[in-house]
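The values are calculated or read from the model by the stated rules, or taken from the named source; none is laboratory data. Predicted model, so just to flag it, every value in this text is computed and none were measured. Glycine gets a Cβ as well: all are built from the backbone with ideal geometry, and neighbour counts include every protein chain shown. SASA here: full protein model, heavy atoms, side chains in, ligands and nucleic acids out. Shrake-Rupley method; radii C 1.70, N 1.55, O 1.52, S 1.80 Å.
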Amino acid sequence: MLARHSEPIVAIATAPGRGAVGIVRVSGKNLGRLIQALCDRELVPRHATYLPLRDAQGTPLDHGLAIHFPAPHSYTGEDVLELQVHGGPVVLQLLLARCLEAAAEAEPATGQPCLPGLRVARPGEFTERAFLNDKIDLAQAEAIADLIDASTEAAARSASRSLAGDFSREIHVLRDALIHLRMLVEATLDFPEEEIDFLRKADAQGQLSKLQQQLAVVLQHARQGALLREGIKVVIAGQPNAGKSSLLNALAGAELAIVTPVEGTTRDKVQQTIQIEGVPLHVIDTAGLRESEDEVEKIGIARAWAEIEAADAVLFLHDLTRAATPSYREADASIARTLGDSLPSRVSVLDVWNKTDAAGVQPPSQGVALSAKTGAGLDALRHRLLEIAGWQAAPEGLYIARERHVQALRHVQDHLEMAAQHLAAQAQSLDLLAEELRLGQNNLNEITGEFTSDDLLGVIFSKFCIGK
């Protein structure tokens with residue numbers, strides 16, 4: 001463990017701004033002397049004590065609750081002190097400063113600081129210590145941040161299940177089955193002179209097939225969990241006055257974008273996150289695509305193309321009231337060609353035919369026809385967006401997941417496919433079979449953090465808020 005992981009830490013553990021209650025949290029080893037300095041008494045473990053919290057001169061900063069959680073029965077697995085006071089930012093900053101000041105004060109009896117080395121925590125450091133002290137695994141630690149950041153009710157419930165260990169338990173089941181299979185292969189390698197075919201007798205092929213089937217189910221659930229967490233980026237594109245801003249407003253259920261008959265009204269992107277069946281969709285309205293000499297509009301159009309290129313899906317909006325006009329058809333065709341040439345294959349482009357309420361023509365069969373003004377056809381569009389996202393009806397007990405979890409499971413899937421090929425070759429490829437199973441186990445361990453680089457830990461916990 002790095003030296004910084006053994007240093008005592010302190011931070012404000014509640015969100016910035018005013019609130020009814022604010023919390024300052026301290027974590028480290030042997031907090032007894034600091035508790036005495038701050039509270040002027042010993043605290044009964046896990047009992048809230050109401051008392052004055054004073055500055056160095058003895059003047060009360062505030063009256064609040066102090067709770068001591070002795071190790072290992074605490075959030076971090078270390079001694080933890082929580083000070084709960086009124087949630088004003090100035091009060092909390094004064095209390096934080098007082099903790100640092102008291103830690104550095106020398107005790108009269110020994111002349112030593114009360115708590116040497118106490119420092120302000122880095123983002124996510126309390127949860128990182130909970131992981132390092134085996135209070136939670138890495139997937140559960142990430143679920144804490146996902147629960148805080150959840151943008152939909154479904155995402156919050158799924159994050160709570162991951163925090164409770166649902167996802168980790170499925171990973172452990174896969175890992176245990178893989179370890180058992182590795183054991184059989186290693187036994188065959190260790191005792192090649194034995195006449196008994198360990199692998200055939202133990203039905204290694206059947207075990208591997210069952211493991212692949214279990215993995216496919218977990219991977220599918222993880223994909224759905226990652227979708228709940230990340231959502232997809234949907235860009236509305238098309239010519240001016242096709243109804244892009246009206247469609248954004250209709251999907252959002254609010255007047256977010258200005259709508260006028262004047263072409264070029266939208267100069268910059270307008271973004272709103274909506275949810276469909278709990279799946280977050282980040283919908284972006286962009287400037288109308290056309291040739292323009294207006295410098296401001298040209299900037300808006302350039303930004304529109306940048307958003308389109310970074311999208312997961314593009315709603316190519318067509319105006320049915322102008323669809324029969326040759327110049328309009330040619331401009332739409334030009335945009336379609338550019339979309340086809342510039343977008344990667346992963347980006348879905350959906351044709352959306354707008355203004356069915358005013359058009360006198362039948363919309364083409366491909367795509368979705370709707371009226372952003374009346375709302376007709378919006379449900380069909382929402383359904384298609386879920387299809388594009390890859391969403392399926394959420395099974396009961398779905399857990400949150402991250403893209404790194406999905407990638408790790410895909411790597412395990414690849415290794416198991418290679419293992420199946422080597423198993424079919426029997427003795428000629430047993431060494432390679434054992435290696436593929438080992439690599440697959442390593443990928444599973446990366447999810448829960450049982451095999452994780454310090455660099456990855458740094459990236460993950462740096463995304464947390466300070467005090468968590």
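Name, by its number, the condition in (1) more than 21 Å from the chain's Cα centre (by Cα); (2) under 30 Å from Q272 (Cα atoms); (3) open to solvent by less than 30 Å² (accessible area, probe 1.4 Å); (4) not charged (D, E, K, R) that does not hold for A204.
(2)
Quick one: which residue in D294, D319, D351, D379 is at pLDDT 90 or above, surrounded by fewer than 16 Cβ atoms within 10 Å (Cβ to Cβ) and charged (D, E, K, R)? Talk me through it step by step, then tell me what you get.
On the way: D294 fails: at pLDDT 90 or above; D319 fails: surrounded by fewer than 16 Cβ atoms within 10 Å (Cβ to Cβ); D351 fails: surrounded by fewer than 16 Cβ atoms within 10 Å (Cβ to Cβ).
Checking each option against the conditions leaves just D379.
Just to be sure before I move on: is A237 part of a helix (DSSP H, G or I), among the hydrophobic types (A, V, I, L, M, F, W, C) and surrounded by 15 or more Cβ atoms within 10 Å (Cβ to Cβ) in the structure I sent?
Here the answer is no, as A237 does not meet what is asked.
Does the range 134-145 contain at least one residue that is under 28 Å from the mean Cα position of the chain (by Cα) and surrounded by fewer than 19 Cβ atoms within 10 Å (Cβ to Cβ)?
For the range 134-145, residues under 28 Å from the mean Cα position of the chain (by Cα) and surrounded by fewer than 19 Cβ atoms within 10 Å (Cβ to Cβ): present.
Could you go through the range 27-47 and let me know if any residue there is touching a helix residue (DSSP H, G or I) at 6+ places or on another chain (Cβ under 9 Å), crowded, with 17+ Cβ neighbours inside 10 Å and assigned to a loop (DSSP other than H, G, I, E, B).
Looking through the range 27-47, at least one residue is touching a helix residue (DSSP H, G or I) at 6+ places or on another chain (Cβ under 9 Å), crowded, with 17+ Cβ neighbours inside 10 Å and assigned to a loop (DSSP other than H, G, I, E, B).
Could you grab the pairs with beta carbons closer than 8 Å, sequence gap of 6+ or different chains, first residue in the range 432-445 and in a helix (DSSP H, G or I), second one modelled with pLDDT under 90 and of a type in the set (D, E, K, R)?
A434/R182; A434/E186; L437/R182; R438/R182; Q441/R182
State whether the residues of the range 18-26 include one that is in contact with a Ser or Thr (Cβ under 6 Å, 6 or more places away or on another chain), β-branched (V, I, T) and over 18 Å from A109 (Cβ atoms).
Yes: one or more hits.
Do you know which residues across the range 356-371 are buried (at least 18 other Cβ atoms within 10 Å of the Cβ) and among the hydrophobic types (A, V, I, L, M, F, W, C)?
A359, V368, A369, L370
Only residues that are more than 34 Å from the chain's Cα centre (by Cα) and among the β-branched types (V, I, T): list them for the range 336-384, please.
T356, V361, T374, listed by residue number.
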